[in-house]
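Dropping the structure in here first, questions after.
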Amino acid sequence: MPAPHRLANGGVALYLDTTGDDPVVVHWGADLGDVDLDPALLLPPVAHSMFDDPVRPSLLPQLSRGWRGRPAIRGSRGGRDFSPRLALTGIEGDGTGCTLRLADGETRLEAEVGLALTPSGLLLVDLAVTNAGEGDYVLDRAEVALPVPAHAAESLDTTGRWIREKAPQRRPIQQGTWVRSGRHGRTGHDAPAVMAAGTAGFGWRTGEVWAVHLGWSGDFEAFVDRIGSGDTLLGAGELLQPGEVALAPGETYRAPTVYAAWSPAGLDGVSARFHDWLRARPTHPSAPRPVVLNTWEAVYFAHDLGTLQELADTAASLGVERFVLDDGWFTGRRHDRAGLGDWQVDETVWPDGLTPLIEHVKDRGMQFGLWVEPEMINEDSDLARSHPDWISTPGTRMPQEWRHQQVVDLANPAAWQHILEALDAILTENAIDYLKWDQNRDQLELGSGGRASTHEQTLAAYRLLDELKRRHPSVEIESCSSGGARVDLGILARTDRIWTSDTNDALERQQIQRWTELLVPPELVGAHVGPTRSHSTGRVHDIGFRATTAMFGHFGIEWDVRQASDDERTRLAEAIRVHKAHRELIATGRMVRMDSPDPALQVTGVVAQDGSSALFSVAALATSLNEVPVPVRFGGLDPDRAYRVELALPPGPHALSGRAGVAWIDARPVLPGRVLAEIGLPMPILNPEQALLLTLTA
Ligand code: DGJ
């Protein structure tokens, strides 16, 4: 009997019906083992007023197969060959991955779909489309979609803006298409970390969830598409500009990888698949993540050697291990209206170059990092004056400025080479361990030689990063984009951490980091303790709340700590000590986000993979409607082990005192994992914007 082709790994399986010439995913989810099932038994009936044969969602949905939702491939050869009927010509692979080859003799298109299930159960889907005919084939779309069952009732994705990235939004799945389009020329502050579909009310730890993410840093679409039959597809692909992918005969377009995660147990299960896969990469940072001090919110553009040396002294005394000099060090960059493109040290500010600062930093045992924004150019710069033709334009007209800057046309080989050599010189001439690679504007009209170039610009930026990494393999690179506007697995394939948001307000960060870490493991998520009064919101937070919030990330400071009080410095040094004691756990453990019955209380944890220890924070985000906090339950622990529960950091003034406190904090009890998971612990009455940091040790 013909059985569906089964790919299985990490507790997940994909069953493909390849008995006909149109490959169909009959199941993506729980691994059901080797099923002896004739796919013909799963054929749906034929509706009235419908095509005469059953219509199923193909792995490559096509109009020619009767699919009335989004077709996977769109394009034409000057208006002809617009409706391919790709048919399976071959399939090869093993039990965890396969490549399907499809071809259409009439439109002379060929396609290849690579499916790979990783040990963490993450499914990687790679689509390639080749023009096998004569004359250019202009591709308008080539995207990947996977079916989700009818009991997926709600979609969830994230949106956002500057200083408010990764805000979740949910909606019921109904007939029609819910599509998130990114037209920023970068990933975007509003880009969905994932596009997810799940059973009604799915949460962090409950419900069945399917999710996709596109590994791409340019324009994109991610969608949930439910058509009249009730069939539902979840997918993503690059959003192509008019005419920008014109395939010459024999040429191939490779779509960005779509990463797909299924979880039987909520969003934490989705995270685990992404985190485990990312951590298994040979390029994943293996050294402990060094505690950072970044100078931006400390001095902004006011670069002065003496001030920065004092800042470095204070940073080193607190336990900082990497000192990062932010924007303002290069020619003409006294403010954000000039200088981008002129990547030489500004001699008026740095008469002896960066070396005196670098040596000062290194003498104190810290690494040195430097900020750059290589893809950008100010019209007020020597580079723009000497090479105005290197500015990306849609034709002859300049695009609108954004933060007074334009975009370097990296699709122009001469411009690309110039930027590469300028960066290479900085790295060769200075002892730099780390680059903070920024990108601070939307790019809506990217053009090169009069043609749309968003696709090519994105690839050229990747090539720039790849080539610099090849020339300077020990230099780590951070992906920053006005905060978190370039957070995706395309950029993370060539960088070592992301800057999460330009807000260091801990209350905002509680949400932004939680939802960023749905996709990105915490050790890659930059999280800084900002000034006492937040520069982005004006809120004032105690150092306990700020440090506990930064704990679940790549910990850093972005504050003029010279101005901090003695008490603040003592408590910050203690937080850094606690972070260092737990950073291996944070970088390797399983993330746990509890579905709190009280929205005012947010519980975040990391549990060691072997269940031997855990770190949890309980953060009061607002005042609660409850007179006393609801007991907090701790998930992800080993139910059969006993854990000693201890306070890791004092939460700040007024908490825990008198009758507002709870007995267990002083008792440091040892309690079974099952008790902590089911009954939980009562919480002291926390003020809003206060947090407890707890260690649980088996
Ligand atoms: C935007 C970044 O997100 C900030 O952290 C800072 O580096 C500024 N750019 C500098 O211009």
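Can you tell me which residue among T177, T130 is surrounded by fewer than 16 Cβ atoms within 10 Å (Cβ to Cβ), in contact (Cβ under 8 Å) with a residue 60 or more places away in the chain and part of a strand (DSSP E or B)?
After applying the criteria, what remains is T177.
Let me ask something else about it. How many residues does the range 548-573 contain that are within 16 Å of the ligand (Cβ to nearest atom) and in a loop (DSSP other than H, G, I, E, B)?
Count: 4.
Something else: Any chance the range 232-243 includes a residue that's over 24 Å from V487 (Cβ atoms), hydroxyl-bearing (S, T, Y) and surrounded by fewer than 20 Cβ atoms within 10 Å (Cβ to Cβ)?
no
What pairs can you find where one residue is in the range 203-232 and on the phi > 0 side of the Ramachandran plot and in the same structural domain as A193 (by TED's automatic domain parsing), the other is of a type in the set (S, T, Y) and surrounded by fewer than 21 Cβ atoms within 10 Å (Cβ to Cβ), and their Cβ atoms are less than 6 Å apart, with a gap of 6+ or different chains?
Going by the 6 Å Cβ cut-off, the qualifying pairs are G207/T199.
Just to be sure before I move on: is M683 surrounded by 16 or more Cβ atoms within 10 Å (Cβ to Cβ) and under 32 Å from the mean Cα position of the chain (by Cα) in the structure I sent?
no
Any idea which residue in the range 477-488 is nearest to the chain's Cα centre (by Cα), counting only those that are within 11 Å of the ligand (Cβ to nearest atom) and charged (D, E, K, R)?
Among them, the one singled out is R486.
(1) of a type in the set (A, V, I, L, M, F, W, C); (2) within 16 Å of the ligand (Cβ to nearest atom); (3) outside any loop (DSSP other than H, G, I, E, B): which one isn't true of I358, the others all being true?
For I358, the exception is condition (2).
Separate question: What are the residues in the range 489-510 that are touching a residue at least 40 places away in the same chain (Cβ under 8 Å), within 16 Å of the ligand (Cβ to nearest atom) and within 27 Å of E445 (Cα to Cα), if any?
Residues satisfying the conditions are I491, T495, W499, T500, S501, D502.
Of all residues in the range 434-476, count the ones that are outside any helix (DSSP H, G or I) and either within 16 Å of the ligand (Cβ to nearest atom) or of a type in the set (D, E) (or both).
Matching residues across the range 434-476 total 12.
Do we find that D409 is buried (at least 17 other Cβ atoms within 10 Å of the Cβ) and of a type in the set (D, E) in this structure?
Answer is yes for this residue.
Continuing with this model, one more query. Among the residues that make up the range 330-344, is at least one of them more than 15 Å from the ligand (Cβ to nearest atom) and surrounded by fewer than 18 Cβ atoms within 10 Å (Cβ to Cβ)?
yes
Now for a separate question. crowded, with 18+ Cβ neighbours inside 10 Å and out of contact with any strand residue (DSSP E or B) (no Cβ under 6 Å at 6 or more places or on another chain) - does that describe any residue in the range 149-157?
No, the range 149-157 contains no residue that is crowded, with 18+ Cβ neighbours inside 10 Å and out of contact with any strand residue (DSSP E or B) (no Cβ under 6 Å at 6 or more places or on another chain).
Considering only residues that are over 23 Å from D336 (Cβ atoms) and out of contact with any Pro (no Cβ under 9 Å at 6 or more places or on another chain), which ones fall in the range 473-487?
Within the range 473-487, P473, S474, V475 qualify.
Please enumerate the residues belonging to the range 529-547 that are surrounded by fewer than 24 Cβ atoms within 10 Å (Cβ to Cβ) and in a loop (DSSP other than H, G, I, E, B).
Across the range 529-547, the qualifying residues are P531, T532, S534, H535, S536, T537, G538, R539, D542.
Which count do you get for residues in the range 312-329 that are away from the ligand (no atom under 16 Å from the Cβ) and among the hydrophobic types (A, V, I, L, M, F, W, C)?
Counting residues in the range 312-329 that are away from the ligand (no atom under 16 Å from the Cβ) and among the hydrophobic types (A, V, I, L, M, F, W, C) gives 5.
Can you list residue pairs whose Cβ atoms sit under 9 Å apart, with the first residue in the range 358-377 being farther than 17 Å from W343 by Cβ and crowded, with 22+ Cβ neighbours inside 10 Å and the second being modelled with pLDDT under 95 and polar (S, T, N, Q)? Count only pairs 6 or more apart in sequence or on different chains.
none
Tally the residues that are touching an Asp or Glu at 6+ places or on another chain (Cβ under 9 Å) and surrounded by fewer than 19 Cβ atoms within 10 Å (Cβ to Cβ), restricting the search to the range 670-680.
2
Looking only at residues in the range 652-669 that are surrounded by fewer than 13 Cβ atoms within 10 Å (Cβ to Cβ) and either among the β-branched types (V, I, T) or under 18 Å from A620 (Cβ atoms) (or both), which one is modelled with the lowest pLDDT?
P653
Out of all the residues in the range 92-107, which are out of contact with any strand residue (DSSP E or B) (no Cβ under 7 Å at 6 or more places or on another chain) and crowded, with 16+ Cβ neighbours inside 10 Å?
T107 - this is the single residue of the range 92-107 that is out of contact with any strand residue (DSSP E or B) (no Cβ under 7 Å at 6 or more places or on another chain) and crowded, with 16+ Cβ neighbours inside 10 Å.
Is it the case that E347 is more than 16 Å from the ligand (Cβ to nearest atom) and more than 30 Å from L124 (Cβ to Cβ)?
Considered against the rule, which asks whether it is more than 16 Å from the ligand (Cβ to nearest atom) and more than 30 Å from L124 (Cβ to Cβ), E347 comes out as yes.
Here is a follow-up. Residues of the range 180-191 being assigned to a strand (DSSP E or B) and surrounded by 15 or more Cβ atoms within 10 Å (Cβ to Cβ), which ones?
R180, G182 - these are the residues of the range 180-191 that are assigned to a strand (DSSP E or B) and surrounded by 15 or more Cβ atoms within 10 Å (Cβ to Cβ).
For a quick check of your reading of the model, give me the residue pairs whose first member lies in the range 427-452 and is closer than 29 Å to L524 by Cα, whose second is in a helix (DSSP H, G or I) and among the small types (G, A, S), with beta-carbon atoms closer than 9 Å and at least 6 apart or on different chains.
What qualifies is Q439/A461.
Taking the conditions exactly as written (within 15 Å of the ligand (Cβ to nearest atom), of a type in the set (K, R) and touching a residue at least 40 places away in the same chain (Cβ under 8 Å)), does R514 satisfy them or not?
No, not satisfied.
Are any of the residues in the range 618-641 in contact with a Ser or Thr (Cβ under 7 Å, 6 or more places away or on another chain), of a type in the set (F, W, Y) and at pLDDT 95 or above?
No, the range 618-641 has no match at all.
Follow-up. Which of the following residues is in contact with a helix residue (DSSP H, G or I) (Cβ under 6 Å, 6 or more places away or on another chain), small (G, A, S) and surrounded by fewer than 19 Cβ atoms within 10 Å (Cβ to Cβ): S64, S49, S83?
Exactly one residue qualifies, and that residue is S83.
The values are calculated or read from the model by the stated rules, or taken from the named source; none is laboratory data. Please read all numbers here as calculations on a predicted model, not as lab measurements. With ideal geometry, Cβ positions are generated from the backbone for all residues, glycine too; neighbour counts draw on all protein chains shown.
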